[in-house]
1. So if I place +1 on the C-beta of Lys and Arg and -1 on the C-beta of Asp and Glu, and nothing else carries charge, what would the dipole magnitude of the chain be about its Cα centre? I want it in debye, nearest 20.
2. Before anything else, pin down the relative contact order of the stretch 108-256: Cα pairs under 8 Å, at least 6 apart, normalised by residue count, whole percent.
3. Once the dipole of the stretch 15-121 is set up with Lys and Arg at +1 and Asp and Glu at -1 on Cβ about the Cα centre, which of GLY35, ALA119, VAL86 lies farthest towards its positive end?
4. Using Cβ counts within 10 Å as a stand-in for footprinting exposure, how do PHE235, PHE151 rank, fewest first?
5. How high is the relative contact order of the chain, in percent, with contacts defined as C-alpha pairs under 8 Å that are six or more residues apart?
6. Among the chymotrypsin sites (Phe, Trp or Tyr not before Pro) within the stretch 152-234, which fall in a DSSP loop and have no more than 11 other Cβ atoms within 10 Å of their own Cβ?
7. Please compare each pair in LYS380/LYS565; LYS53/LYS345; LYS225/LYS502; LYS365/LYS551 to a cut-off of 24 Å on the Cα-Cα distance and tell me which ones are over it.
8. Out of residues 5 or more away from ASN228 or on other chains, whose amide H comes under 5 Å of its own, with H placed 1.01 Å from N in the peptide plane?
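Coordinate-derived values only; no laboratory data. Nothing here was measured: the structure is a model prediction, and the numbers come from that model. Reconstructed Cβ throughout: ideal geometry from the backbone, glycine too, with neighbour counts over all protein chains shown.
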Amino acid sequence: MIADEIIEQVREAADIVAIIGEYVPLKKTGSDYRGPCPFHQGTRRNFSVVPAKKLYHCFVCGESGDVFKFLTKRLGVEWPVAVRMVGEKAGIDVPETKVRREGPDPREPLWELQATAAAYFQKVLWEEEVGAPAREYLVERDIPRAVAEDFGIGFAPREIGLMRGHLNALGFDDARLLEGGLLVQADQDSEPRPRFRGRLMFPILDAMGRNVGFGGRLLGPGEPKYLNSSESPVFSKGKLLYGLNRSRNHIRKADRALVVEGYFDALRVMAAGIEEVVAPLGTALTEAQALLLKKYTHNVYLLYDSDAAGLKATFRAGDELLSQGFSVRVVTLPPGDDPDTFVRKNGAAGMEAQLASAIDVFDRKIQILERGGWFAELQKKRRALDRLLPTIRATSDEIMRDLYIGRASEVTGVAREILLRELGSSRPAPARMVEPPTVPFSREAPARSSQPDARAARRDSGTSAEEMLVLAMLQDRSLVETIAERIGEESFRNLPLRSIFKALLETGETASVEELAAAMEGDSITLLEDLLKKQGSIVDVNRTIEDSIAKIHNREIENKMARLKKLLTVATELQRTEIETELRALSKERTALGRGSWALSKNRSR
């Protein structure tokens, strides 16, 4: 048996026009291709191949189907053989499974559960009194009922037993509710509770249109504002894109995808008539999500907010997409607007005008740097270049990468040869964890982050200090605020550890593990689980905190000294004097920091 996911992957990757064109002389007619039907031996061009739908159809004999059916009918091969033939042409390995699975897909019960829950949440929203606040909220957001129903929006009641009782009565026991992430249980002895309470519910479907989970938006104050389903056999937020089930054919037809940040952004733009829209599920765009989009287009427009957080998400997503060979443009909306508010005021025509003025993601980075004056001073120019280089490294398209190098040389005045040496290689090396430019830049920000993944980052000695600091905070939550007064999240170069630090600060010392996890992303949650297993392993929490902060500060000083030493090679005589003075001051600070840490440790040992 061939897995459904492989079949879908082969079908989407197949060039149906090229494959059928090997057996039928096809001629382009509008957006379709026409030729004589090979099944009733026709001579007129009544046989149509529709690449946007991946289907063929004869208007005379009625024969129709997908690329697999065509090969079985035309060549007389078995269906699995046809799938493998297409897979070979598409460059996809189709593994053979000797044992055929008996009965339905084992994930079927969870798909059924999620679909039933979605129907229940919609019923509560429109028919129950407890759904009144959610209905009022939709009116405030100017979401018509027809649009809300089209996207399956519902409401999860705050009352603890309502959803559980309803689904239990339909035959869904607590075990399935727990596995599907609709109930959570702190431990075996505690009572299961709904994961979603008092939230507007957005059903999340996979690319094949199966209900796999939810995104819940809190109506009142509280955190987290958005909460996704927990990871399950059918739900993995880093491998799904909201709206892809309905937008994929539109993306293929338009040959572009608009990536927005949130559920409301996505549905507002789609409801306005621009259908080729998707949204990550509250996370930074992942490699898996980029590969998912790559099945349908190589052209992406990023429509994130223009604030610091939005810019950070924009450039992180841009680097990920560039590493997968996409052409990436950035749409800059007027200040204070996001796609939801902009389309509400200006409609689809206004959005199309903004899309027409979108600029390349690398040019957008340069634009922000220029407006901030980062090419006007020597030291700022060096740090600005450190923000451009990761994007060049991430770019897998050789021609585009060369164009980026030329553009960087042009705006910085640094010779191409020097940039190439700085890059270290003429071959692309995608950089996943980079700090994007924001305005203004922090003088103390690290020059670059170079952790390819969480495991590699954890082997760094500075990151070991970060890990010990976070572990100490988990062991004694009352110290979180005090630590945050001495060290900020920007000091954490390991992004999962930074995410845990930020979650600890935002959720407070009384937050449960579930609430902490809800404020994080996949890698961070995995690392959190590892750290929680080590709780209690620190004997002297205060000493661990002091030593860890000292190591992190020492690393920041060393990084700053390294950046200054690089500037010496391009500085004037006067600038060299200033840089050397600053280097001596930093060296003294580093020495004093070492003595202070030693003295502190010595005093504690007495």
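1. Working: 88 positive and 89 negative charges, 360 e Å.
The calculation lands at about 1740 debye.
2. Working: 212 pairs, mean separation 32.6, N = 149.
The normalised contact order for the stretch 108-256 reaches 22 percent.
3. It is GLY35.
4. If I rank by nearby Cβ atoms, fewest first, I get PHE151, PHE235.
5. Once normalised by length, the contact order is 7 percent.
6. Within the stretch 152-234, no chymotrypsin sites (Phe, Trp or Tyr not before Pro) qualify (loop, at most 11 other Cβ atoms within 10 Å).
7. The pairs that break the limit, which is 24 Å between Cα atoms, are LYS53/LYS345; LYS365/LYS551.
8. Excluding prolines and chain starts, which carry no amide H, the hits are GLY216.
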